[in-house]
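The values are calculated or read from the model by the stated rules, or taken from the named source; none is laboratory data. Just so it is clear, the structure is predicted and the values come from calculations on it, not from any experiment. All Cβ positions, even for glycine, are placed from backbone atoms using ideal geometry, and neighbour counts span all protein chains on display. These accessible areas exclude ligands, DNA and RNA; they are computed on the full protein's heavy atoms, side chains included. Shrake-Rupley method; radii C 1.70, N 1.55, O 1.52, S 1.80 Å.
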Amino acid sequence: MIVDSTRRGKRFPDSMSRTIPIWTCVLNRAIRDFKNDWDCSLHLPLWIPETEKASIEKRLDEWTQQLKASGADIASIAAGLRKPLRPLWISQKTVIWLNEVPHHDSWDFTPIILISASASASASASSGVSVSQQRTTSEFSWNYIAGAGDDEESWARGLTPALFWNNVYDIINAGPHVCNHMVADIVEKSRVNRAYRGENAPQITLKPTTSPSLSHQQPLYLSPTTTTADKLRITWLGSTNMALASSQIDAADAIDVDCILNCDRESISISLPSTEAYLHLPILGSKFDRFSLLNNLPSAVSFAKLNLSQGKRLVVCCDNGKAYPPLYSIDFMAGFNSK
């Protein structure tokens, strides 16, 4: 069973309507070397045009040979399957009469059940409710946000994979209205236990995003509360006159600093020899602006070149000293060493 979602207006993502059915067929074709009477047909949903289906079928032999040549253990996969693989599609508009569904043992295939959690545009229009209005008081929603799956800081609330699987049944059984409170309790207990063991366990606070496109949902972003002991001090890069640091540096840290390139969203106040010795480039994360880092690169390089060519000591900083400073420093060194 595979669950996914897609943008408004589509019932199924391309991964379910094309990619997974293709791979299912390719696997069946590779397994046929170890099985007799094995269905190797390409099973696509009915809304895929015949011309597209024919185009895909022309490449199936090529993909099957590539899979065999890859070294994949097809024999073990074949040994674990009694029937060929076949995808089935289920969406919010699918009607299933449970008393008419035959027992899976009577099926002549192994089902790969593809479930789309997305609401189609027609469903939203017919109900008179917009996507932005489909929410509950518990912040629980089926709304689709592109890229949210690998952007866990926007929704995981400090929950790690290990914590989730150790408490999976408690979290699921809590239901949507109590889920957030359950997760907060689990995360806090884990933090306290780590603190007792002497491990680094910063307090986790939650703050709403300021992104206007998501203001109706107000997803929460994790912001660890950093103590003085947790602050990243200035780390000098050999004899390059460049250093990496957190934007939390203070006057005591910046005694030997001549100029600062600040990549954090917030400006910092440190006494420097002149106003030209400080450049603030508020760089947004890739989830908000994927070109922010690249667009600010020319200004950063010009600032670094001007100061380093005069023998000045440059510090590049951001909120934690680990995101953008290393990237910019590598670019600075590569540019200067090539001349």
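Things to note:
- Using R0 = 56 Å, the C-beta based FRET efficiency linking His103 and Asn193 works out to 0.75.
- Placing pseudo-labels 7 Å out from each Cα toward the beta carbon at Thr19 and Lys93 gives an inter-label distance of 2.3 nm.
- When Rg and the Kirkwood radius Rh are both evaluated on Cα atoms of the range 1-86, their ratio Rg/Rh stands at 1.00.
- Lys58 versus Trp165: modelled label distance in nm, points set 7 Å from Cα along the beta carbon direction: 4.4
- Area of Phe303 that stays accessible when all protein chains are in place (1.4 Å probe, Å², to 10): 20
- Pairs of lysines in the range 14-126 (C-alpha under 21 Å apart; 8 or more residues apart or interchain): 4
- Full extension of the chain segment joining His181 with Ser274 gains 28.5 nm, where the gain is 0.36 nm per residue of separation less the Cα-Cα distance.
- Accessible-area order (highest first, 1.4 angstrom probe) of the listed residues Thr6, Thr94: Thr94, Thr6
- Computed E for Ile48/Asn173 - FRET, C-beta separation, R0 51 angstrom, nearest 0.05: 0.85
- With a simple spin-label model that places each label point 7 Å from the Cα along the Cα-to-Cβ direction, the separation between Ala75 and Phe291 comes to 5.3 nm.
- A 1.4 Å probe run over the protein chains yields, for the range 1-58, 61 Å² of accessible area per residue, whole-number rounding.
- FRET efficiency for the Lys312 to Trp155 pair, using the beta carbon distance and R₀ = 41 Å, is estimated at 0.45.
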